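Student: This is the structure I have questions about; it appears just below.
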Amino acid sequence: MPAYLIADIEITDPAAFERYRQQVPAVIARFGGRYMVRGGELRLKEGAADFKRLVVLEFPDMAAAEAFYAAPEYKPLLDLRLASTRSKVVLVEGYAP
C-alpha cells in the first residue's frame with residue numbers, strides 16, 4: 001500500500017532552501033519516492049488552513065517512507081531544511097480498495 005509524506009513548508013532562508021531543493025530529489029528517488037505535489041497554487045475551499053508551500057511525496061509503502069526520513073544520506077538535507085524553514089511533516093498510509 002503506498003504511503004505519503006505530506007509537508008507544509010514556510011521558507012525562512014530562500015538561499016539555503018534552494019540548496020535543499022536541488023539535492024533532495026535524488027535521495028527521494030533512492031527510496032522509491034516521487035513528487036505528487038511540489039508547491040504550486042493553493043485554492044482554499046473550506047476551513048481556515050494557512051498552508052505556505054504544500055509538498056506531497058508518494059512512496060511504495062510506509063517502510064520506504066520511514067526509511068527515507070531516517071536515512072543517513074537525508075540527515076544533512078533534513079538539517080538544512082529545518083534550518084531554512086518552519087515545517088510540519090506527516091507520514092500517512094494511502095488507500096488501497
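The values are calculated or read from the model by the stated rules, or taken from the named source; none is laboratory data. Since the model is a prediction, treat every value here as computed from it, not as a measurement. Cβ: placed from backbone, ideal geometry, glycine included. Neighbour counts: every protein chain shown.
Student: Going by the structure shown, is PRO72 surrounded by fewer than 17 Cβ atoms within 10 Å (Cβ to Cβ), in a helix (DSSP H, G or I) and more than 12 Å from the chain's Cα centre (by Cα)? Quick ask: steps written out before the conclusion?
Tutor: Numbers: surrounded by fewer than 17 Cβ atoms within 10 Å (Cβ to Cβ): yes; in a helix (DSSP H, G or I): no; more than 12 Å from the chain's Cα centre (by Cα): yes.
Here the answer is no, as PRO72 does not meet what is asked.
Student: Further question on the same structure: Restricting to region 16-69, what's the tally of residues that are surrounded by 11 or more Cβ atoms within 10 Å (Cβ to Cβ), of a type in the set (D, E, K, R) and within 17 Å of LYS88 (Cα to Cα)?
Tutor: Taking region 16-69 as the starting set, the residues that turn out to be surrounded by 11 or more Cβ atoms within 10 Å (Cβ to Cβ) are 16-21, 23-25, 27-39, 42, 51-69.
If we keep only those that are of a type in the set (D, E, K, R) as well, we get 18-19, 21, 30, 34, 38, 52-53, 58, 61, 66.
If we keep only those that are within 17 Å of LYS88 (Cα to Cα) as well, we get 21, 38, 52-53, 58, 66.
Qualifying residue count for the region: 6.
Student: Inspect region 44-57 for any residue being farther than 23 Å from ARG19 by Cβ, under 14 Å from the mean Cα position of the chain (by Cα) and at pLDDT 95 or above and give the result as yes or no.
Tutor: No.
Student: Restricting attention to region 44-65, which residues are closer than 22 Å to ARG86 by Cα and in contact (Cβ under 8 Å) with a residue 60 or more places away in the chain? Steps first, answer last, please.
Tutor: First, pick out the residues of region 44-65 that are closer than 22 Å to ARG86 by Cα: 44, 47-58, 65.
If the condition is that a residue be closer than 22 Å to ARG86 by Cα and in contact (Cβ under 8 Å) with a residue 60 or more places away in the chain, then ALA65 is the only one that fits.
Student: Right, something else. What do you reckon, is ALA15 at pLDDT 95 or above and assigned to a helix (DSSP H, G or I)? Give the steps one after another, and end with the answer.
Tutor: Working: at pLDDT 95 or above: yes; assigned to a helix (DSSP H, G or I): yes.
The answer is yes for ALA15.
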